[in-house]
Amino acid sequence: MLKSLANSYTGLRAYQQMLDIVAHNLANVNTVTYKEKQVSFADLPSRNLAERRLPEAGEPSAPRRCGRGVELLSVTSSCEEGPLAFTGNNLDLAIAGEGYLRVIRPDGSYAFTRGGNFTLDSEGNMVTSRGLRLDPPLNGQDLHEDLDFSTLEITPGGEIYARPFQETGEGRKFFQELPGEKSHSPAGLIKLGELSLYRFANPQGLSYIGENLLLPSAASGPPLEGKAGKAGFGEIRQGSLEKANVDVGRQMIMLIRGQRALQASARAATSADEFWALTLNVQA
């Protein structure tokens with residue numbers, strides 16, 4: 001009876017964890033670039049059934065064994081790309097394909113994200129909602145007051161351009177070059193920098209730290225840098241955001257399955273307790 005209670009407890013624990021993950025997925029159905037968490041289960045190692053030293057005719061063909069219950073084996077993130085939603089905001093970026101953007105954390109270390117809902121700080125840098133600067137920083141800080149950042153243009157290859165303010169009166173002023181930068185577009189747009197994308201051998205091994213940020217781990221491997229739209233990297237879509245890839249229908253099915261499994265484990269524990277009480281009463 002005690003083993004039955006122990007097995008039922010493992011089921012209660014595992015399926016409660018499953019329901020927690022389903023609830024987390026549903027809570028983030030509108031979170032930008034959120035990746036659906038998927039669970040897998042495994043049975044615990046079996047053990048030999050305790051014998052009562054009763055006489056038996058012959059040897060059993062196989063040892064009598066009983067499982068120890070179930071455990072939540074792993075929680076992985078789906079790498080399936082979420083749908084792209086057009087926003088019209090020129091500071092919103094989405095990656096159509098494989099790759100991550102890199103941001104600089106307050107301690108100077110790097111984190112990676114596919115969340116492209118950026119804003120501008122007082123220095124003209126693109127930053128996340130938490131103020132983390134996009135890497136590399138824009139190289140137009142010295143001309144921040146002369147550039148119209150509302151005209152910011154980002155190509156699918158990651159090149160960033162902005163147009164200078166027009167002077168009133170006759171003529172327009174266009175800067176021929178920036179410090180350390182020799183190129184500008186023929187249409188008068190000033191090149192402010194170029195975004196790189198990063199990918200990993202095993203993106204499911206990335207460590208999630210919240211706020212749409214991920215850190216490399218031994219399981220993910222080191223980041224591999226590349227140019228957007230080249231060598232298997234995705235392209236950057238300005239004015240769009242990648243939505244969560246949560247399948248609400250699938251989550252509702254998992255919710256029902258988890259509830260039924262949890263109820264079954266609870267019922268098994270109740271039955272084992274009732275049989276235990278009955279056995280004690282008979283012996284008394």
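Read-outs throughout are calculated quantities, based only on the coordinates presented, and are distinct from any laboratory measurement. All values reported here derive from a predicted model rather than from experimental measurement. Backbone-built Cβ (ideal geometry, glycine too); neighbour counts: all protein chains shown.
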Between A231 and F165, the two model label points (7 Å from Cα along the beta-carbon direction) sit apart by a distance in nm of 4.1
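List L147, L44, L197 from most exposed to least, where exposure is judged by having the fewest other Cβ atoms within 10 Å.
L44, L147, L197
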Taking the alpha-carbon centre of each part, the distance from the range 9-37 to the range 61-94 in Å is 9
Stretchable slack from A6 to D121, in nm (0.36 nm times residue separation minus alpha-carbon distance)
35.8 nm
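At a Förster distance of 51 Å, what's the computed FRET efficiency of D107 paired with F275, Cβ-Cβ distance as r, to 0.05? Before the final figure, lay out each step's value.
Values: r = 58 Å, r/R0 = 1.13.
Approximately 0.30, to the nearest 0.05.
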